[in-house]
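In what follows, a single structure is set out as structure tokens and then discussed.
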Amino acid sequence: MSLDHVATLLMGAAAICLYLAVYAWRRREEPTTLALSLLMLAATFWSFFYGLELVVSDPVQMRVTLVLQYLGIATISVFWFIFAARYVGSDQWLSRSNLARLFIVPVITVLMVATDHLHHLYYATVETGVLDDRTYLLLESGLFWWIHVGYSYAMFFAGVVLMVRAFSESTGTDRSRAGYLLAAALLPYVVNVAYVAGLKPYGFLDITPAAFAVMGTMLALGIFTVKLIDLKPVAMDTLLDRMPDAVLVAGTDGRIAYANATARLLLESRLIGTQVLETTQQTGCEPTSAAAAQPEEADITLEGRTYHRTITQLLCRRGRPLGALIVLRDLTERTRVEDTLRETEERFRSLFEQSKDAIYIGTLDGRVIDVNQAWLHLFGYTRDDLPRIRALDFYANRDDRERFLSQIRETDTVVDEVQFRRKDGSVFDCARSVVARPDQEGRAPVVQGVLRDITQQKRDRMELERLARYDMLTGLINRRTIVERLAEWVCHGNRYPSPLTVLLLDLDDFKHVNDTYGHAAGDRVLADIAALLERSVRQTDFVGRYGGEEFLIILPRTNSEGATVVAERVRATVQRTGLNVGEHVTPTVTVSIGVAEWHEGDNVDVLLSNADAALYRAKAAGRNRIEL
């Protein structure tokens, strides 16, 4: 065989490979066929330009064709690996960045061949020979040539491993397709291994491109016989086997033609297998129109587990039944979760409605989403009112609403006391605890609040505070409070020096009133005296019951001289005022008063001690008098 015949053979191989490349390119939407198209295109470059190398005789032109060959030689193994990965469904990692990494060595290879005359790292020597009046290239391999060969074989064997695994894991037609592809791919690489090992016709000829032509021919036959690139069968089989649903295909005779991995596990159970087989034997065996072939869905129970069964009749174009596709989806866990959620929701709704506290769910713009019965009772609304009302309608003070919005947006939590208004207009005090949470779509916050009517509690608290600070009998502030007021004014005087005087009063011989008229009458006398004292002083002064029949008057910004005038007025008023103790008896009582002026450095105890000493002197001097 002459070199012209070899060149013609290579050109024919290139034509076959180009036809396959174009055929696959037209279906490039499928990644598998795109990879096959590029694989055949690489074989086309290799075959065509190698054949062209054998035709031309100019050494420069031969070097150019050599470089162009490497566009196919350097990339063909990578395209084979990509095709195998796509075909078997192991292409999840084939991202753009990883694909770019796969072509690093091929790109460097092409550049090394193109610049080999500068470094001779790819081919150590490049010489020409003559055979049958044809010039050919004699190439001696260099260091990077071996690197290229090692990388190409690594890519090839990686693809073979994927195809062998697909062959071993598939059955029926899928197994035949995988085996066909594997056999077609092995041929050119077996020939190439022989070439690398030194088995070269004429001592230089590489017939690997011709082997790719044979591979292309086998693929062409496969395309038209077993539909090699119409589907991605192995990947589809892998996808079905990885599905959690059981997928079965039954023929019109009720026999199972296909079952994925999940379905095969179900069929291993004798009870479930019998029930599934009974199902397949009842499906789609009668002639049915395509319009009537709607999926049949039902929930069934198999060995205590719940499945959703979908049966879809498979019809030919004329409407004749071919069988049925049966899908069983295990709903057991989902049903359990749904039941748990339903029970949880029912418990929540029960707690929500039965809570004695008012519970409110709404939006920041004031819309009411839901409330419980306690809230309706507290505010006086009905559920029919909810769509028409806004949160602002509840507030007795609109400023409280603005403060609430500001705080809830800042902290997502509000715990405070506020006054609300009922539907009838009445105002009540309320303790509330509110949190803001995202809505079901995770966007606008929803406010959830618990409200409690504390109107009576506040009244009780105020009453307790009043009882803690006021004397029940006289209505005056009690000893604790009057002493606290005195301490405040002493502190004020230390910071801002000003006069301060106290009057300590004691009713003279008050035991006689109790003994003569009774303790009830004595209590009325004390109350009357308290009222008289309050009328006798300024509004800025303080009057308190100090204990028993003793009273303490604080005179801020008043010196001892002014305090003596006040004390005399009080003494004279008490003496001339008759006090009604019942049955028209109006006894007269007198009062002794001790006056003490605060001096810088005196504390409360010193001031009260001085007033008490002055009172003692007034008592000792005959009562009904004033001592300073």
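See the values below:
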{"item": "Of the criteria (1) loosely packed, with under 14 Cβ neighbours inside 10 Å; (2) under 30 Å from Glu549 (Cβ atoms); (3) aliphatic (A, V, I, L, M); (4) at pLDDT 90 or above, which one Ala468 fails", "result": "(4)"}
{"item": "Answer from Arg398, Arg409 - the residue that is exposed (fewer than 12 other Cβ atoms within 10 Å of the Cβ), basic (Lys, Arg) and either without any contact (Cβ under 8 Å) to a residue 12 or more places away in the chain or at positive phi (or both)", "result": "Arg398"}
{"item": "Pick from region 65-103, criterion small (Gly, Ala, Ser) and without any contact (Cβ under 8 Å) to a residue 40 or more places away in the chain, ranking: least open to solvent (accessible area, probe 1.4 Å)", "result": "Gly72"}
{"item": "Qualifying positions in region 544-571 - on the phi > 0 side of the Ramachandran plot and either at pLDDT 95 or above or not small (Gly, Ala, Ser) (or both)", "result": "Arg557"}
{"item": "Test: residue in region 454-464 that is touching a residue at least 60 places away in the same chain (Cβ under 8 Å), touching a strand residue (DSSP E or B) at 6+ places or on another chain (Cβ under 7 Å) and not hydroxyl-bearing (Ser, Thr, Tyr)", "result": "no"}
{"item": "Evaluation of Asp424 against (1) within 25 Å of Asp460 (Cα to Cα); (2) assigned to a strand (DSSP E or B) (one fails), failing number", "result": "(2)"}
{"item": "Those helices (runs of 4 or more DSSP H) lying entirely in region 48-155 with at least 1 residues modelled with pLDDT under 85, under 22 Å from Leu10 (Cα atoms) and β-branched (Val, Ile, Thr)", "result": "59-73"}
{"item": "Listing of strands (runs of 3 or more DSSP E) fully contained in region 483-579 that carry 3 or more residues being crowded, with 16+ Cβ neighbours inside 10 Å, touching a Phe, Trp or Tyr at 6+ places or on another chain (Cβ under 9 Å) and aliphatic (A, V, I, L, M)", "result": "500-507, 550-556"}
{"item": "Pairs where the first residue, in region 41-64, is within 14 Å of Ile16 (Cβ to Cβ) and the second is open to solvent by 40 Å² or more (accessible area, probe 1.4 Å) and in a helix (DSSP H, G or I), C-beta under 6 Å, 6+ apart", "result": "Thr44/Leu18; Phe45/Leu71; Gly51/Met11"}
{"item": "Count of residues meeting criterion [among the hydrophobic types (A, V, I, L, M, F, W, C) and touching a helix residue (DSSP H, G or I) at 6+ places or on another chain (Cβ under 6 Å)] in region 497-513", "result": "5"}
{"item": "Region 302-316 residues that are open to solvent by 40 Å² or more (accessible area, probe 1.4 Å), paired with ones that are assigned to a strand (DSSP E or B) and of a type in the set (Lys, Arg) (beta carbon under 7 Å, 6 or more apart)", "result": "His308/Arg329"}
{"item": "Search result, residues across region 387-414 that are part of a helix (DSSP H, G or I) and farther than 18 Å from Ile361 by Cβ", "result": "Arg398, Asp399, Asp400, Glu402, Arg403, Ser406, Gln407, Glu410, Thr411"}
{"item": "Residues being in contact (Cβ under 8 Å) with a residue 60 or more places away in the chain and either touching a Ser or Thr at 6+ places or on another chain (Cβ under 6 Å) or open to solvent by 80 Å² or more (accessible area, probe 1.4 Å) (or both) - total across region 596-614", "result": "2"}
{"item": "Complete set of residues in region 345-386 that are open to solvent by less than 20 Å² (accessible area, probe 1.4 Å) and either of a type in the set (S, T, N, Q) or outside any helix (DSSP H, G or I) (or both)", "result": "Ala358, Gly362, Thr363, Gly366, Val371, Asn372"}
{"item": "Matching residues in region 472-482 - criterion: being in contact (Cβ under 8 Å) with a residue 60 or more places away in the chain and within 59 Å of the chain's Cα centre (by Cα)", "result": "Ile477, Thr481"}
{"item": "Extreme residue, nearest to Leu325 (Cα to Cα), among residues of region 256-270 that are at pLDDT 70 or above and hydroxyl-bearing (Ser, Thr, Tyr)", "result": "Tyr258"}
{"item": "Condition met for Gln448 (farther than 18 Å from Ile359 by Cα and in contact with a strand residue (DSSP E or B) (Cβ under 6 Å, 6 or more places away or on another chain))", "result": "no"}
{"item": "Which listed residue is of a type in the set (S, T, N, Q), modelled with pLDDT under 80 and under 37 Å from the mean Cα position of the chain (by Cα), from Thr280, Thr288, Thr344, Thr310", "result": "Thr344"}
{"item": "Qualifying residue in region 403-421 (condition: in contact with a helix residue (DSSP H, G or I) (Cβ under 7 Å, 6 or more places away or on another chain) and among the hydroxyl-bearing types (Ser, Thr, Tyr))", "result": "no"}
{"item": "Condition check for Ala7: over 47 Å from the mean Cα position of the chain (by Cα) and more than 21 Å from Met218 (Cβ to Cβ)", "result": "yes"}
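Per-residue answers, yes or no, for (1) of a type in the set (Gly, Ala, Ser); (2) farther than 20 Å from Val193 by Cα:
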{"site": "His5", "(1), (2)": "no, yes"}
{"site": "Ala43", "(1), (2)": "yes, no"}
{"site": "Phe49", "(1), (2)": "no, yes"}
{"site": "Val55", "(1), (2)": "no, yes"}
{"site": "Asp58", "(1), (2)": "no, yes"}
{"site": "Ser77", "(1), (2)": "yes, no"}
{"site": "Ala85", "(1), (2)": "yes, yes"}
{"site": "Ser95", "(1), (2)": "yes, yes"}
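The values are calculated or read from the model by the stated rules, or taken from the named source; none is laboratory data. These figures come from a predicted structure and were not determined experimentally. No Cβ is skipped: glycine too gets one built from the backbone with ideal geometry, and neighbour counts run over all protein chains shown. The accessibility values were calculated without ligands, DNA or RNA, using every heavy atom of the protein model including side chains. Shrake-Rupley method; radii C 1.70, N 1.55, O 1.52, S 1.80 Å.
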